[in-house]
Amino acid sequence: EDSECIIIKTDNNSTRNHLVVYAVLFMLCLLLCGHVVNCLDRHVHTCPERVALIWERDEQGSEVRYTYRELLEMTCRLGNLLRRHGVKKGDCVTIYMPTCPLAVVSMLACARIGAAHNVVFAGFSAEALAERIRDGETC
């Protein structure tokens, strides 16, 4: 059942996991850019209640499952919020947050509206974050 879903795992050694998950998700979003409709909508039409994403939290045995319908709804809501704040096709959005479902939704929302995204690991200092945001302005 879960063979086509994304699994996000976190643990106490989360720095490595965050970077690996973000790298994988970034590559997925690069591949999906322009095809987010195909990524989510086609599944919503055929199997909306199928699990699309499993988030395994730090607490052992604690997981949250999101269906394609839920993931699409969150992606559209965030995409609309970004648009209301002036984000448009061709813009670059820096995503600075921990590994969580909303990080996936953020990347999908950016791709859905045609905005590039720059994912920055949430453990960076303020100076390192500022440097990455400046570097990301050219993405």
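The values are calculated or read from the model by the stated rules, or taken from the named source; none is laboratory data. Remember, it's a predicted structure, so these values are computed and weren't measured experimentally. Here the Cβ positions follow ideal geometry from the backbone for every residue, glycine too, while neighbour counts run over all protein chains shown. Protein only, heavy atoms only, side chains kept; ligands, DNA and RNA dropped before computing areas. Shrake-Rupley method; radii C 1.70, N 1.55, O 1.52, S 1.80 Å.
Below are the figures for this structure:
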{"item": "Residues satisfying the stated conditions in the stretch 17-41, i.e. closer than 20 Å to Ile113 by Cα and either open to solvent by 50 Å² or more (accessible area, probe 1.4 Å) or modelled with pLDDT of 80 or more (or both)", "result": "Phe26, Met27, Leu28, Leu30, Leu31, Cys33, Gly34, His35, Val37, Asn38, Leu40, Asp41"}
{"item": "Output for the stretch 42-71, where each listed residue is surrounded by 12 or more Cβ atoms within 10 Å (Cβ to Cβ), more than 16 Å from the chain's Cα centre (by Cα) and part of a helix (DSSP H, G or I)", "result": "Arg42, His43, Val44"}
{"item": "Of all residues making up the stretch 73-99, the number that are assigned to a helix (DSSP H, G or I), open to solvent by less than 70 Å² (accessible area, probe 1.4 Å) and closer than 18 Å to Trp55 by Cα", "result": "2"}
{"item": "Cβ-Cβ under 7 Å pairs, at least 6 apart or on other chains, the stretch 83-99 side over 26 Å from Arg57 (Cα atoms) and without any contact (Cβ under 8 Å) to a residue 60 or more places away in the chain, far side open to solvent by 40 Å² or more (accessible area, probe 1.4 Å) and in a loop (DSSP other than H, G, I, E, B)", "result": "Cys92/Glu137; Cys92/Cys139"}
{"item": "Flag if Leu102 is hydrophobic (A, V, I, L, M, F, W, C), open to solvent by 70 Å² or more (accessible area, probe 1.4 Å) and under 24 Å from Leu40 (Cβ atoms)", "result": "yes"}
{"item": "Pair list, Cβ < 9 Å and 6+ apart or interchain, from the stretch 120-139 residues that are open to solvent by less than 80 Å² (accessible area, probe 1.4 Å) to residues that are basic (Lys, Arg) and part of a helix (DSSP H, G or I)", "result": "Val120/Arg132; Phe121/Arg132; Phe124/Arg132"}
